[in-house]
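Chemist: Quick one: the structure is below, and I'll ask about it shortly.
Nothing in this text is a laboratory measurement; each read-out follows from the coordinates by a stated rule. Computed from a predicted structure; not experimentally measured. We place every Cβ from the backbone using ideal geometry, glycine too, and count neighbours over all the protein chains shown.
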Amino acid sequence: MRILAVDPGEKYIGVAISDIGARLARPLTTLRHAARAKDAAQIVALAQENEVGLILVGYPLDSEGQPGPQARHAARVAEALRALTAVPVALVDESFSSQEAGEALRAAGKNRRARHEQIHAAAAAAILQGYLDEHSSEAAKE
């Protein structure tokens, strides 16, 4: 089963996808934020096109584990997605995903401009890979 991950920002929305075995995440695309309904429709279209079985939406928590304004934005995006698709939509903690993505892009030798263009989809991939790693270790324990 493929999984789609979304990193909803104020200007851009990063999207990443897993391989069919749900082991590895890769950046898919970056969408420019328009309006919640339009954004949700684009994300659902990507989910349908890639035959995903789950959509994850990054849900940023503060240092105390509490949701802030960006988390409320993410929750509204998740609600809009649920209204458009029968594919399950889940919120997942995305704390530090942008920082991790920036470090990974820097380590890959990407220049400043390339990092700026790729950071959103890379952040979505970091969110997704964290989810995949967590859930593969849980499956191994069973």
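Chemist: Would you grab the residues whose amide H sits under 5 Å from the one on HIS33? Only those 5+ places off in sequence or on another chain, please, with H modelled 1.01 Å from N.
Modeler: Counting only residues 5 or more places away or on other chains, the set is TYR12, ILE13.
Chemist: Kindly give Rg over Rh for the stretch 1-102, based on alpha-carbon atoms, with the Kirkwood expression for the hydrodynamic radius.
Modeler: Working: Rg = 12.8 Å, Rh = 13.6 Å.
Radius of gyration over Kirkwood radius for the stretch 1-102 works out to 0.94.
Chemist: Would you mind calculating the gained length between LEU91 and MET1 on full extension (0.36 nm times residue separation, minus the Cα-Cα distance), in nm to one decimal?
Modeler: On the way: separation 90, 0.36 × 90 = 32.40 nm, distance 1.80 nm.
Result for the pair: 30.6 nm of gain on full extension.
Chemist: What is the calculated FRET efficiency for ARG23 to GLN48, with r their C-beta to C-beta distance and R₀ = 25 Å, to the nearest 0.05? It would help to have the intermediate numbers written out before the result.
Modeler: Details: r = 22 Å, r/R0 = 0.89.
Efficiency for this residue pair is about 0.65.
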